[in-house]
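The values are calculated or read from the model by the stated rules, or taken from the named source; none is laboratory data. Model, not experiment: these values are computed from the prediction. All Cβ positions, even for glycine, are placed from backbone atoms using ideal geometry, and neighbour counts span all protein chains on display.
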Amino acid sequence: MLVRTQYVDIPAGPAPMRMFVASPEGDEKHPGILCYSDIFQLTGPMLRVCTRLAGYGFVIAAPEIYHRIEPLGAAIPFDDAGRTRGLEDAAKTPVAHFDEDRRAALDYLALHPNVAHGQLGAMGFCIGGHLAFRAALEQDVRATVCFYGTGIHDGKLGLDLDAGSLARAGEIRGKLLMVFGAQDPHVPAEGREIIDRKLGASGVDYSIQLYPAEHAFMRDEGPRYDPEATDQAFAAMIAFFREVFG
């Protein structure tokens, strides 16, 4: 399936929010997926994932999560200075800002001419996995995939020491897929168990998949990239979205 891509700037808080939008060629209607990056924003690996996902028949919108702090178009480098910068940007961002931006992005997707009515989903990596989890709290989000989402088990997100995301799990009405690497120090076995117990107790329709990989194993730059686990996890996401949206 051929894909067209563009950048759009939409109102979100006091500053415009730039999003990378990828959609299948043609005029057909497709599910719309809000895609969240890791702390490095819209880097090459993130753009490639979004374009690849669009090629399976989805309209993708990936926002710059630090648009209130960083200049438009800022992709943070994959080095020590970039990691520090991304973490500092996160630490400056209150959860209320993430939530406001999420609603703006979902509203954009819902009105996109190629998005089918009532077919919204979300996915994300690392901090973006946590942001995707919070997107699942929205009543119009029907399917969410969280790839090694950080801070879900202990509540840490941005400026907030406890965003209360997991405590609100009972609000999730759509289906949820949680993906983790078994060797991920940021979401260790104890953290995964906390998530599993809470989701089960909350009556959420969810599943958890574990791969023999490290944190950020799906980012196709750097030493932690695991091509086989990435392909398997990506295929699981496609199957999951297709099961939900038909």
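Inspect all residues belonging to region 3-21 and state whether any of them is part of a strand (DSSP E or B), over 27 Å from residue 221 (Cα atoms) and under 17 Å from the mean Cα position of the chain (by Cα). No, that holds for no residue. Only one residue in 130, 153, 97 is under 23 Å from residue 194 (Cα atoms) and part of a helix (DSSP H, G or I). Which one? Testing whether each residue is under 23 Å from residue 194 (Cα atoms) and part of a helix (DSSP H, G or I) leaves just 130. Annotation note: Cβ proximity below 7 Å between a residue of region 160-179 that is touching a residue at least 12 places away in the same chain (Cβ under 8 Å) and a residue that is assigned to a helix (DSSP H, G or I) and of a type in the set (Val, Ile, Thr) (sequence gap 6+ or interchain) occurs for 160/95; 163/95; 166/195; 175/244; 178/195.
Residue 180 meets the conditions (1) in contact with a Leu (Cβ under 6 Å, 6 or more places away or on another chain); (2) more than 22 Å from residue 50 (Cβ to Cβ) in every case but one. The failed one is (2).
Given the criteria more than 30 Å from residue 59 (Cβ to Cβ) and touching a strand residue (DSSP E or B) at 6+ places or on another chain (Cβ under 7 Å), does residue 142 qualify?
no
Would you check if residue 101 is in contact with a Pro (Cβ under 8 Å, 6 or more places away or on another chain), acidic (Asp, Glu), modelled with pLDDT of 95 or more and within 25 Å of residue 215 (Cβ to Cβ)? It would help to see each step written out before you state the result.
Details: in contact with a Pro (Cβ under 8 Å, 6 or more places away or on another chain): yes; acidic (Asp, Glu): yes; modelled with pLDDT of 95 or more: yes; within 25 Å of residue 215 (Cβ to Cβ): yes.
So residue 101 passes the test.
Taking the criterion of being over 9 Å from residue 140 (Cβ atoms), in contact with a Gly (Cβ under 7 Å, 6 or more places away or on another chain) and not in a loop (DSSP other than H, G, I, E, B), the residues of region 106-120 that qualify are 109, 115, 119. The set of residues from region 216-240 being assigned to a loop (DSSP other than H, G, I, E, B), free of Cβ contacts under 8 Å to residues at least 60 places away in the same chain and crowded, with 18+ Cβ neighbours inside 10 Å comprises just one member, 226.
The residue list 129, 203, 158 contains one member that is buried (at least 20 other Cβ atoms within 10 Å of the Cβ), in contact with a helix residue (DSSP H, G or I) (Cβ under 7 Å, 6 or more places away or on another chain) and modelled with pLDDT of 95 or more, which is 158. The set of residues from region 158-215 being among the aliphatic types (A, V, I, L, M), assigned to a loop (DSSP other than H, G, I, E, B) and closer than 25 Å to residue 89 by Cβ comprises 159, 161, 163, 187.
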